[in-house]
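Chemist: There's a structure below that I have some questions on.
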Amino acid sequence: QSYEYDESSETWPFFVLTLLLMVLIPLTILQVHKLLLGKSGGVDDTDDPDQNLIQKQLENVNDALVSRDVLRFRQVFDRKGKRGILNVKNVVIVVGWFLVASIVQRVMNNDAIVEAATGLFDPYSILSVSINANDREIKSAYRKLSVKFHPDKLSKDLSPEERTVMEEAYVQITKAYEALTDELTKENFLRYGHPDGPQNTTHGIALPRFLVDGVGSPLVVLFYVALLGVILPYFVSKWWSKTQLHTKKGIHVKTASYFVDRLINYKPSEVVTVDLIINWLSHAEEFKIFYPEFKQSDFEGLLHDHLNRREEPDKARRYARYRIVAKCHSLLHGLLDISCGFRNTDIANMTLETFKCIVQAVPHSPYRQIFQLPHVDRKKFSEGSIDEVCTLGKLFTYEDAKISKILGISDEKNLKETLTVASNIPNLKLLKAEFLVPGEPQVTLASTPHLSIKLLIRSAKHKAIPAENFPQEMMEEPQDFEFQKDPFAVMLKEPLLPYSYAPFFPTKRRDGICCLVGLQKDGKLLQTPVTIQRLSLKNLTKDFDKRQIKELNNDNFKPEDWEIGTIKIPLGQPAPNETGDVFFRVIVKSTDYFTSDLDFTVAMQVRD
Amino acid sequence: NQALSRRYNSILKRKEICIKEW
Amino acid sequence: TLQYDINTKKISGSGTVLESQEINIAQINALTQSLVAESNPNFTPQPHDDSTKLIKNLFESGLKNAKQNRLPEALKNITLAIEMAQRKRAPWEAFAVQLQEMQFMLRHKIDLSLVQGKYLDALQDLDMLLNTGLVQPEIMIRKTDALLKLGQLDQARIDCERGLSLQPQNVKLKALMLECTRRLANYNG
């Protein structure tokens, strides 16, 4: 009924100390770990010199062309997500450790605590032996000390006070010895912490009286009410609703359900166009949250303005446009995922095309490969060109001087930038595609094959190299145990794809290669998309201009000099249970550039 | 039958879109 | 909410109507209209003889014209036959019959269109056949041809490959594939 309060501040410091350390120690470990890990080898760096060279070339042009407005937008955008030195976690850690230090200091200075601590019985320190000492060591230590402290052995010159101290010490030593050796005393010691049996224990509340009984008590009650009734529910509900509101792919559930609805009601008679996808995007819930004052038609208008690179005099609308366009990245990935779930090839394909259109700010015209290049005068381009030039490959069949006329670029420096970008856009060429089962020579019934694609990344400027020119040995898979255990590990050895040339896209971004797999029989997709972010673009640095090389021969072409890229796609389902040939359609597209993507058929030959 | 008829009647619109796109 | 108009014998929806509901309403109305128009009290799913006769007549005159090399007239006849089938047939008549009839007539229309250079029309009809589930090498051959003539080289190759996956040894498809590859190589410089 009557509690003892912590008037002498003996207990509450330890309580607070425990709470603080419980939070601080894991937090500090995490932050230090992140700091150390962040410096060495993260997602961002790549030490492949060729890859860096290409990135540098593209960055130079990109940075020259990015508008000041976009740069300003990026500063604001990046700052929001930045984790600088002065963020909340670090401040909490510093303040926390400071509090810990001050409490420890306080504890040390508190006589009552020190006194209580010294009152603890520690037989090991009394006998001056280590905790791991065995019986023999304890006995010998006791004998030595008792020799020193035994009342009969004490020197006659000691004063009565000194004698008493020595006698007390001897009693302690005897007790300590018994606590470690004598059964009964040992039991007492282990149970009560003291060989004499239960000592005086007090139970109390680790708070000073005034907080519980007196003036402060309503404050404490109020504090607990606020904590349990207001603060805790607020944070929990905020976190819960955030989790509930977003799908795994990071788009809002309302947006996802809109896309699903569009796909459920999809009519095969509808021709899928980029305009249709843009229309769907403009219904995104994320946009409504960003700008509640705009309507769906406004968002659609903003997206079309972006595609057509329309000048926007109103600054607020410009920033709205950047924000919306930047958000399209995750929205399109979400839509891609959903359309693969519905096995709709046309929608998935067009989503990827829309992605490219938005990244490059180019409408889906037949000349989009040309329009993505910098400095192109579209008017002069459409007026000129005797021969239809739609592709970068075709463009590079002409000499530089002719190219400048075709594209309407008169400035020498601008032409150089354009040609740099045009020759550094990766073109994909299929060398070999097959289904492999690691450890088996062929695909057997109900096995788990994966799709192995060997491709050649080349520049539009390069002379075409037929697949037959590459010897089979270059496309062989290693047959060692490592490969059989994890055939996909070979893809991790490739360097990260560099930052893209995309001066009209609000944020800096890396290229990606998206792979879709479908069945030829019903024309429908089979599984979720696989995005590749690592591929060596080493071949783009080669000098293999098609305008200079007339024919391939042993002098100008050595297959070993060329890097063959590997893409491995896991299959979502096992091979069928009966022998035969199953035809798959594989689509491999770049997310950022209009280039020669892959769209081919590969047969899975299931044999007994 | 109605689905067939709807699909048939959408041919004109599809033609327009193809012309616009290509 | 649904409202029924006694005079027109149609239902309509008010308030927010979903797209799927609109389609259902339209279908109910179409069915009702043709039931009301039906004079024979003992009607069956069997296709009506008189409409069949009409359609057949148109179609056969189309074939005759084709044999006599009057191709534009032939095309017109067959197109009219298809229109007639669409308009005259009651919605409750056997679907299998209507589908087969349409597929049969469309194939002839497609060949006539291709011969006369109406590639976009042929493409639309080919897509329609594909949508009705008629995924066959002959369709893919014609589609590849139409797309090549329309300059859609990428799509032509994709459809040609699909055709080859159905019949890998098809000679015509193999020849078309070579054509696609050749033209794409030129397109890409």
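Chemist: Right, A:Thr507: in contact with a Gly (Cβ under 8 Å, 6 or more places away or on another chain) and assigned to a loop (DSSP other than H, G, I, E, B) or not?
Modeler: Values: in contact with a Gly (Cβ under 8 Å, 6 or more places away or on another chain): no; assigned to a loop (DSSP other than H, G, I, E, B): yes.
No, not satisfied.
Chemist: Report yes if A:Ile278 is in contact with a Leu (Cβ under 7 Å, 6 or more places away or on another chain), in a helix (DSSP H, G or I) and of a type outside the set (Lys, Arg), otherwise no.
Modeler: On the way: in contact with a Leu (Cβ under 7 Å, 6 or more places away or on another chain): yes; in a helix (DSSP H, G or I): yes; of a type outside the set (Lys, Arg): yes.
Judged against the criteria, A:Ile278 is a match.
Chemist: Take the conditions at pLDDT below 95, surrounded by fewer than 16 Cβ atoms within 10 Å (Cβ to Cβ) and aliphatic (A, V, I, L, M) and apply them to A:Leu492. Does it pass?
Modeler: Numbers: at pLDDT below 95: yes; surrounded by fewer than 16 Cβ atoms within 10 Å (Cβ to Cβ): yes; aliphatic (A, V, I, L, M): yes.
Judged against the criteria, A:Leu492 is a match.
For every residue, the table says whether it meets (1) in contact with a Cys (Cβ under 6 Å, 6 or more places away or on another chain); (2) within 14 Å of chain B (Cβ to nearest Cβ); (3) assigned to a helix (DSSP H, G or I).
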site	(1), (2), (3)
A:Val260	no, no, yes
A:Val272	no, yes, no
A:His283	no, no, no
A:Lys288	no, no, yes
A:Pro292	no, no, no
A:Glu300	no, no, yes
A:His306	no, no, yes
A:Glu312	no, no, no
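Chemist: Among the helices (runs of 4 or more DSSP H) confined wholly to region A:359-412, which include 3 or more residues that are over 40 Å from the mean Cα position of the chain (by Cα) and either at pLDDT 95 or above or within 17 Å of A:Asn308 (Cβ to Cβ) (or both)? Steps first, answer last, please.
Modeler: Numbers: elements: A:368-371, A:378-383, A:392-395, A:400-407.
Correct list: A:378-383.
Chemist: Another question, if that's okay. Please give the number of the condition A:Val359 fails out of (1) on the phi < 0 side of the Ramachandran plot; (2) in contact (Cβ under 8 Å) with a residue 12 or more places away in the chain; (3) surrounded by fewer than 19 Cβ atoms within 10 Å (Cβ to Cβ).
Modeler: A:Val359 satisfies all of (1) on the phi < 0 side of the Ramachandran plot; (2) in contact (Cβ under 8 Å) with a residue 12 or more places away in the chain; (3) surrounded by fewer than 19 Cβ atoms within 10 Å (Cβ to Cβ) except (3).
Chemist: Return the pairs, sorted by first residue and then second, in which the second residue is part of a helix (DSSP H, G or I), the first residue lies in region A:218-239 and is under 21 Å from A:Leu207 (Cβ atoms), the beta carbons are less than 6 Å apart, and the residues are 6+ apart or on different chains.
Modeler: From region A:218-239, the pairs are A:Val220/A:Leu211.
Chemist: Could you grab me the full set of residues in region A:421-455 that are within 14 Å of another protein chain (Cβ to nearest Cβ) and either more than 30 Å from the chain's Cα centre (by Cα) or in a strand (DSSP E or B) (or both)?
Modeler: Within region A:421-455, A:Ala422, A:Ser423, A:Asn427, A:Leu428, A:Lys429, A:Leu430, A:Ala433 meet the criteria.
Chemist: Can you go through A:Lys485, A:Lys454 and tell me which one is of a type in the set (Lys, Arg) and under 28 Å from C:Ser165 (Cα atoms)?
Modeler: On the way: A:Lys485 fails: under 28 Å from C:Ser165 (Cα atoms).
It is A:Lys454.
Chemist: Identify all residues within region A:462-489 that are buried (at least 16 other Cβ atoms within 10 Å of the Cβ), of a type outside the set (D, E, K, R) and within 31 Å of the chain's Cα centre (by Cα); write none if there are none.
Modeler: A:Phe483, A:Pro487
Chemist: List the residue pairs whose Cβ atoms are under 8 Å apart, where the first residue sits in region B:2-22 and is more than 7 Å from chain A (Cβ to nearest Cβ), the second is of a type in the set (D, E, K, R) and assigned to a helix (DSSP H, G or I), and the two are 6 or more positions apart or on different chains.
Modeler: B:Ile11/C:Asp125; B:Lys15/C:Asp121
Chemist: From C:Thr79, C:Thr32, C:Thr52, which residue is surrounded by 14 or more Cβ atoms within 10 Å (Cβ to Cβ), hydroxyl-bearing (Ser, Thr, Tyr), within 13 Å of chain B (Cβ to nearest Cβ) and within 22 Å of the chain's Cα centre (by Cα)?
Modeler: Values: C:Thr32 fails: within 22 Å of the chain's Cα centre (by Cα); C:Thr52 fails: within 13 Å of chain B (Cβ to nearest Cβ).
The unique qualifying residue is C:Thr79.
Chemist: Does A:Glu168 count as modelled with pLDDT of 75 or more, among the acidic types (Asp, Glu) and surrounded by fewer than 11 Cβ atoms within 10 Å (Cβ to Cβ)?
Modeler: Working: modelled with pLDDT of 75 or more: yes; among the acidic types (Asp, Glu): yes; surrounded by fewer than 11 Cβ atoms within 10 Å (Cβ to Cβ): no.
When the stated conditions are applied, A:Glu168 does not pass them.
Chemist: When you scan region A:549-559, do you find a residue that is within 14 Å of chain C (Cβ to nearest Cβ), modelled with pLDDT under 95 and either farther than 18 Å from A:Lys429 by Cβ or part of a loop (DSSP other than H, G, I, E, B) (or both), even just one?
Modeler: Kept after step one, since they are within 14 Å of chain C (Cβ to nearest Cβ), are these residues of region A:549-559: A:549.
Then keep just the ones that are modelled with pLDDT under 95; that gives A:549.
Still in the list and also either farther than 18 Å from A:Lys429 by Cβ or part of a loop (DSSP other than H, G, I, E, B) (or both): A:549.
Among the residues of region A:549-559, at least one is within 14 Å of chain C (Cβ to nearest Cβ), modelled with pLDDT under 95 and either farther than 18 Å from A:Lys429 by Cβ or part of a loop (DSSP other than H, G, I, E, B) (or both), which makes the answer yes.
Chemist: Right, next: Under 6 Å by Cβ, and 6 or more places apart or on different chains, what pairs join a residue from region C:89-104 that is within 7 Å of another protein chain (Cβ to nearest Cβ) and within 15 Å of C:Leu126 (Cα to Cα) with one that is surrounded by 15 or more Cβ atoms within 10 Å (Cβ to Cβ) and not hydroxyl-bearing (Ser, Thr, Tyr)?
Modeler: Pairs found: none.
Chemist: Counting just the residues of region C:133-189 that are out of contact with any helix residue (DSSP H, G or I) (no Cβ under 8 Å at 6 or more places or on another chain) and small (Gly, Ala, Ser), which one comes out nearest to the other protein chains (Cβ to nearest Cβ)?
Modeler: Looking at residues that are out of contact with any helix residue (DSSP H, G or I) (no Cβ under 8 Å at 6 or more places or on another chain) and small (Gly, Ala, Ser), I get C:Ser165.
Chemist: Right, another one. Return only the number of the condition from (1) acidic (Asp, Glu); (2) assigned to a loop (DSSP other than H, G, I, E, B); (3) within 14 Å of chain C (Cβ to nearest Cβ) that A:Asp592 does not satisfy.
Modeler: (3) is the only condition that A:Asp592 fails.
Chemist: Return yes when A:Asp597 is within 21 Å of A:Ala422 (Cα to Cα) and crowded, with 18+ Cβ neighbours inside 10 Å and no when it is not. Even if it seems obvious, please write down each step before you answer.
Modeler: Values: within 21 Å of A:Ala422 (Cα to Cα): yes; crowded, with 18+ Cβ neighbours inside 10 Å: yes.
For A:Asp597, the condition - within 21 Å of A:Ala422 (Cα to Cα) and crowded, with 18+ Cβ neighbours inside 10 Å - is met.
Chemist: Being of a type in the set (S, T, N, Q) and surrounded by fewer than 18 Cβ atoms within 10 Å (Cβ to Cβ) is the filter; apply it to region C:82-108 and report the residue that is modelled with the lowest pLDDT. Write out each step before concluding.
Modeler: Residues of region C:82-108 of a type in the set (S, T, N, Q): C:86, C:98, C:100, C:103.
Within this subset, residues satisfying the condition of being surrounded by fewer than 18 Cβ atoms within 10 Å (Cβ to Cβ) are C:86, C:100, C:103.
Values: C:Gln86: 88, C:Gln100: 92, C:Gln103: 95.
Only one residue tops the list, namely C:Gln86.
Chemist: Let me ask you something else. Residues that are in contact (Cβ under 8 Å) with a residue 60 or more places away in the chain, within 14 Å of another protein chain (Cβ to nearest Cβ) and in a loop (DSSP other than H, G, I, E, B): does region A:530-538 have at least one?
Modeler: In the first step, residues of region A:530-538 are kept if they are in contact (Cβ under 8 Å) with a residue 60 or more places away in the chain; the result is A:531, A:535-538.
Now narrow it down to the ones that are within 14 Å of another protein chain (Cβ to nearest Cβ): none.
Looking for residues that are in contact (Cβ under 8 Å) with a residue 60 or more places away in the chain, within 14 Å of another protein chain (Cβ to nearest Cβ) and in a loop (DSSP other than H, G, I, E, B), one finds none in region A:530-538, hence no.
Chemist: If we keep just the residues of region A:76-93 that are surrounded by 11 or more Cβ atoms within 10 Å (Cβ to Cβ) and in a helix (DSSP H, G or I), which is modelled with the lowest pLDDT?
Modeler: This residue is A:Asp78.
Chemist: Sticking with this structure for a sec: Take the residues of region A:360-404 that are aromatic (Phe, Trp, Tyr) and either away from chain C (no Cβ under 14 Å) or in contact with a Phe, Trp or Tyr (Cβ under 8 Å, 6 or more places away or on another chain) (or both): which is farthest from A:Asn427 (Cα to Cα)?
Modeler: Result: A:Phe381.
The values are calculated or read from the model by the stated rules, or taken from the named source; none is laboratory data. None of the values given here were measured: they were computed from a predicted structure. Backbone-built Cβ (ideal geometry, glycine too); neighbour counts: all protein chains shown.
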